[in-house]
1. Does region B:256-276 include one or more residues that are in the same structural domain as residue B:406 (by TED's automatic domain parsing) and either free of Cβ contacts under 8 Å to residues at least 40 places away in the same chain or in a helix (DSSP H, G or I) (or both)?
2. Could you grab me the full set of residues in region A:137-174 that are under 16 Å from residue A:70 (Cα atoms), in contact with a strand residue (DSSP E or B) (Cβ under 8 Å, 6 or more places away or on another chain) and not aliphatic (A, V, I, L, M)?
3. Picking from A:146, A:122, which residue would you name as being within 11 Å of chain B (Cβ to nearest Cβ), β-branched (Val, Ile, Thr) and in contact (Cβ under 8 Å) with a residue 60 or more places away in the chain?
4. Determine, yes or no, whether residue B:372 is surrounded by 20 or more Cβ atoms within 10 Å (Cβ to Cβ), of a type in the set (A, V, I, L, M, F, W, C) and under 21 Å from the mean Cα position of the chain (by Cα).
5. Please name all residue pairs, on different chains or six or more residues apart, with Cβ atoms under 7 Å, provided the first residue is in region B:325-354 and is more than 14 Å from chain A (Cβ to nearest Cβ) and the second residue is exposed (fewer than 14 other Cβ atoms within 10 Å of the Cβ) and at pLDDT 95 or above.
6. Can you say whether residue B:111 is outside any loop (DSSP other than H, G, I, E, B), β-branched (Val, Ile, Thr), under 24 Å from the mean Cα position of the chain (by Cα) and within 30 Å of residue B:252 (Cβ to Cβ), as far as the supplied structure shows?
7. On the basis of being within 14 Å of chain B (Cβ to nearest Cβ) and modelled with pLDDT of 95 or more, does residue A:438 make the cut?
8. For region B:265-300, what are the residues that are under 16 Å from residue B:339 (Cα atoms), within 8 Å of another protein chain (Cβ to nearest Cβ) and surrounded by fewer than 20 Cβ atoms within 10 Å (Cβ to Cβ)?
Amino acid sequence: MHRTLLFLALVCSLMTSSAAWAASHLKSAHFPNGVKLVVDESHEAPVAMVQVWLKVGGRDEQPGKTGLAHVFEHMMFKGSRKLGPGEFSKRIAAIGGNDNAFTTHDYTAYFETIPASRVDEVLSMEAERFAHLRLDAQEFAKEIRVIQEERRMRTEDDPNSRLFEELSATALRLHPYRNPVIGWMQDLKHLTIEDVRAFYKAHYVPENVIVVIVGDVDFEHVRAVVGRTFGRLKPRQAPPRFTPVEPEPLGPKRLLVRLPAQLPMVAITMPVPVWQPGKNDREVAALAVATQILAGGYGARLQRELVDRERLAFQTSAGYDPFGMGIDLWFAYGMLGPKQSAEHFEAGFWRLIGQLASHDIGPAVLEAAKRSIIADEVFAQDSLYLRAKEIGRMEVVGIGAEHRDAWLDAVRKVTSSDVREVIHQWIRADRATTGVLQPKTHRGGGA
Amino acid sequence: MRLVLACLAVVLVPFSAWAIPPIQQATLANGMNVLLMEAHDVPMVAMQLTLPAGSRFDPPLKGGAAALLAAMLTDHTARHEHDAWAGFLDQHALRLGSDVDKDAMHISLTVLRESLNEGMGALSEALLHPGWNEKRFSILRQDAIFAARKALEEPGVVASVAAHGMLYGDHPYGHRSEGSPDSLQRINMADLQSIYRRQAKPEGAVLAVSGDITMPELLRLVRQHLGSWAGRPSIGRQDIANPRPVRGQQSILDMPTTQTLIQFVRLGPARNAPDFFPVFVLNHMLGGGGFGSRLMEEVREKRGLVYGIYSYFVPLTVSGPFTIMLQTRADQADEAEHIVRQVMQTFASGRISQRMLDAAKMHLVGSFAQRMDSNRERVALMSMIGFYGLPLDYLQTWSEHVRAVTLQQVRQEAMRWLKFDDWNVIRVGPIKR
């Protein structure tokens, strides 16, 4: 779920960038203390997905405290007034449920997949830990070590993750997407339980809460339950979110990452706009379609030109998230064989982009790309988790789940010239940061 | 009012009494087994064709041949060269994929209901009319070689390569399905064609389907598109020797990482083992149940040594690997290994409580519906049931089997499977010089 790992789930990120629900199926309720509830009823199996979304994430951390939002997520499992450390998950397991949580730059979410008959109990437990978290110093001391191991596993020992981490840090000057969600190790070593307590007090307030429930439930019933659990939390003002305007790049940037690795890799990124409903529908939908043409489906242009025809890489892709906050870091990468050079890959990449920026793509390719995005909406309905997640993130970044149909309409309206224009305007070498992973040989024989 | 009644029904009916949708079954004249679970809430269909053509059929020293065959089948056909094929699949939003595990090859399709006919046509064309394009073969093989080398940046892959060799030697399970850079280099098109000619046959093959379709509709499509397919595989699913147990082996592999990865491995139970359910429940208590498991409790929750620690076994035609895996800062590796050893000894000496067993059973039975709440999960379950010849009411009786597991059985299985001396250990990480 961390941004540093995003590139590994490329096609996935496109697929999940827009799940499928008809916005008309959704039912929602607002409570006086600021809590919001969104429900998508689905009665196929006696299962429910409960997700509690918070409008707080890595972007809300102070300098020197990177990783704090994610550390906090871990502490939510470490005991509250009524529950001992670890007991929340044990109770969920005992009723036949599974629970977990995830943190990104923009949000934190806690979720439980449970038998639908146990929703009331789970909502009470969620509200209880939200209101009365224990935040014990000894538990923190253990958990911060777990999180350092998590960083070692996901980032320190993975040269590709590290390349992406450096790339984001180099590409952006102000926007918080420049810091890793897991936090820099230097910061993780200095966080304290006082930091965690201050974060709790500031951000875990009712007006930051969106409860999303998808599954075999009745809206009126769960509305009443949320009303007497989350709805009774004492209102408090949430601090404004940190949303700086990233200055426009002044020219191309480059960086080199030298680490033990088997093979080189090149990654290219640049800031691009995200969706503001009613304001930039055409532009952002065109960027999504352009990215689908480059990296989606069996005829993905990057793969066809750079891997199959020109043999400049053995794998390549690109990714774009139109539902970020402020900007998104659009990216593309190439995995290189031992004799494939970064220089040639980059030249081939920009040649291809140049063609797409100057020539309209044919109607068959355009229609296939749009159809694919819409088909993925349908396939995503197959998963309660994805359905809930799409509702949650559209809500939490301020777009609103009810705008879903407008997004599909915007995708349907994209024309060939829209695609050409957004590539010309946004995907440009003089706006890009390019990172190269250069393998440093290791004398050992492990690999 | 209807909504309120529906809600009451949910509260009153015990969860476990939920009627699991039945598997409908049909056998075609050519011997192919068709399994279906209907689900009409989303206008889509997911399916998977499973054949006895997994990596155990790779020729000696040519690991990855079946995987390359799977990639070739969906890359182009005799009727469509690669670009035209890609264009056709994209035009109809067909999600056609293929992969192999040790026993089986899977060709999968996810499709909108409105494109079912095109989708079935594509699956059939990929399976029955391979293109064998030499140029595409050399590109796919070269890219697979690079990908196999790139994968060696992951400590888990390095450990897995070692575990395969250690547990299986030259047994057909003794290599990763993806192959290695060296083994892939040795493969030529004739190797792929040979696996295809011998194993890609309908008798014993399983087509598992879930989604917005009925059996008559499905059978009409299957007869139309796969009716001409005939024959039986030259090696049956069950024709494979049991691997010989290996114990007490150690392997230490140097890698310039900050963590050390430790894998404890031994041979585990086969898919049709009579004691499958007791071992399954045992593993859930040990390290298969996430935060509720004993290993997670001792190594992560109490001591903060790892982000995750897991145990799992892969049930195959004969013994697949049984694995316990963790990653920890290199200087903590000895301590972590010690704790795992203690937990295994505790289990092996029979110190397992009724309370622990009950908690594991409650979790497993309660969360069973979640294992099949999407078309793709249902397809995977039915493929497994069909391919390994499990009874068609397997899903209906699954919870009973779990509930029937006794404390005495679990203790016996722990004694049988978890004696530390019967395991082997692989470490991957920095070696001090």
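The values are calculated or read from the model by the stated rules, or taken from the named source; none is laboratory data. If you're wondering where the values come from, they're calculated on a predicted model, not measured in any experiment. When we count neighbours, we look across all protein chains shown, and the Cβ atoms used for this are built from the backbone with ideal geometry, even at glycine.
1. First pass over region B:256-276, keeping only residues in the same structural domain as residue B:406 (by TED's automatic domain parsing): B:256-276.
Right, trim to either free of Cβ contacts under 8 Å to residues at least 40 places away in the same chain or in a helix (DSSP H, G or I) (or both) and you get B:274, B:276.
Yes, because at least one residue in region B:256-276 is in the same structural domain as residue B:406 (by TED's automatic domain parsing) and either free of Cβ contacts under 8 Å to residues at least 40 places away in the same chain or in a helix (DSSP H, G or I) (or both).
2. At the first step, the residues of region A:137-174 found to be under 16 Å from residue A:70 (Cα atoms) are A:139-155.
Filter once more, keeping what is in contact with a strand residue (DSSP E or B) (Cβ under 8 Å, 6 or more places away or on another chain): A:148-149, A:152-153.
Listed by number, the residues that qualify are A:148, A:149, A:152.
3. Values: A:122 fails: within 11 Å of chain B (Cβ to nearest Cβ).
Checking each option against the conditions leaves just A:146.
4. On the way: surrounded by 20 or more Cβ atoms within 10 Å (Cβ to Cβ): yes; of a type in the set (A, V, I, L, M, F, W, C): yes; under 21 Å from the mean Cα position of the chain (by Cα): yes.
It is true that residue B:372 is surrounded by 20 or more Cβ atoms within 10 Å (Cβ to Cβ), of a type in the set (A, V, I, L, M, F, W, C) and under 21 Å from the mean Cα position of the chain (by Cα).
5. Short answer, once both residue conditions are applied: B:348/B:415; B:350/B:415.
6. Values: outside any loop (DSSP other than H, G, I, E, B): yes; β-branched (Val, Ile, Thr): yes; under 24 Å from the mean Cα position of the chain (by Cα): yes; within 30 Å of residue B:252 (Cβ to Cβ): no.
When the stated conditions are applied, residue B:111 does not pass them.
7. Numbers: within 14 Å of chain B (Cβ to nearest Cβ): yes; modelled with pLDDT of 95 or more: yes.
Against the criterion (within 14 Å of chain B (Cβ to nearest Cβ) and modelled with pLDDT of 95 or more), residue A:438 qualifies.
8. Answer for region B:265-300, where residues must be under 16 Å from residue B:339 (Cα atoms), within 8 Å of another protein chain (Cβ to nearest Cβ) and surrounded by fewer than 20 Cβ atoms within 10 Å (Cβ to Cβ): just B:297.
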